[in-house]
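These notes are about the structure you will find just below.
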Amino acid sequence: MDIATSLSRLLGPLRRAVLRSTRTAEDLPDLPEAQIELLRALSAEGPMGTKAAAERLRTSPATVSNLVRTMSAAGLIDRQNSRSDLRTVNLSVTTTAQQLLNRYDTASRTALEQAMSGLSAEDRDALARAVPALERLTTELDPHSAHKSGITGRAE
């Protein structure tokens with residue numbers, strides 16, 4: 001089997017396994033990945049409008065609006081009318097959501113560290129060497145990345 005096929009078959013199950021073990025370890029709520037991605041974007045980049053969030057997540061504004069409706073009702077996102085344009089809403093994470101993200105990140109790191117401790121030193125070294133290549137692969141796959149705009153963003 002070639003590398004592309006192997007990666008394609010592996011990445012989804014790996015992502016889901018990490019998320020499952022993270023949720024289980026910390027008894028975290030079963031937030032859909034789309035909600036986690038939106039929270040991460042808002043946490044990293046600060047308040048933004050629905051259109052900007054949709055562009056950041058590479059999805060439609062209608063999809064973001066649906067996420068926001070659910071997440072706002074759950075107390076995960078604050079919606080503030082823009083001062084300059086009352087038709088525009090700025091989205092931001094709530095304190096509760098930021099605490100959840102921090103718990104997800106800590107639990108995820110711990111779960112991965114524990115799982116990797118069961119691997120051989122050779123496998124751990126291979127994973128460490130693969131991270132920069134996976135970061136570059138992510139950049140290559142993202143048509144809106146800084147790399148595609150002429151900025152390499154390559155890991156050192």
Scanning region 100-145 for residues that are without any contact (Cβ under 8 Å) to a residue 40 or more places away in the chain, more than 30 Å from Glu55 (Cα to Cα) and surrounded by 12 or more Cβ atoms within 10 Å (Cβ to Cβ) gives Met116, Leu119, Arg124, Leu127
When every residue in region 8-41 that is open to solvent by 60 Å² or more (accessible area, probe 1.4 Å) and outside any helix (DSSP H, G or I) is compared, the one modelled with the highest pLDDT is Pro32
Could you say which residue among Asn66, Asn90, Asn81 is in contact with a strand residue (DSSP E or B) (Cβ under 8 Å, 6 or more places away or on another chain), under 25 Å from Asp142 (Cβ atoms) and among the polar types (S, T, N, Q)? Asn90
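If the requirement is being of a type in the set (S, T, N, Q) and surrounded by fewer than 14 Cβ atoms within 10 Å (Cβ to Cβ), which of these qualifies: Ser92, Ser82?
When all the criteria are applied, what remains is Ser82.
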Any residue in region 57-73 that is surrounded by 12 or more Cβ atoms within 10 Å (Cβ to Cβ), in contact (Cβ under 8 Å) with a residue 40 or more places away in the chain and under 18 Å from the mean Cα position of the chain (by Cα)? no
With outside any loop (DSSP other than H, G, I, E, B), open to solvent by less than 50 Å² (accessible area, probe 1.4 Å) and not basic (Lys, Arg) as the only criterion, which of Ala44, Ala54 stands out? Ala54
Every residue from region 116-130 that is within 21 Å of Ser21 (Cα to Cα), part of a helix (DSSP H, G or I) and either modelled with pLDDT under 95 or not hydrophobic (A, V, I, L, M, F, W, C) (or both): Ser117, Asp123, Arg124
So Ala62, is it more than 25 Å from Arg15 (Cβ to Cβ) and of a type in the set (A, V, I, L, M): no
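The values are calculated or read from the model by the stated rules, or taken from the named source; none is laboratory data. Just so it is clear, the model here is predicted, and its values are computed rather than measured. Methodologically, a virtual Cβ is constructed for each residue, glycine included, from the backbone with ideal geometry; neighbour enumeration extends over all protein chains shown. When the accessible area is computed, the model is the full protein with side chains, heavy atoms only, and any ligands, DNA or RNA have been set aside. Shrake-Rupley method; radii C 1.70, N 1.55, O 1.52, S 1.80 Å.
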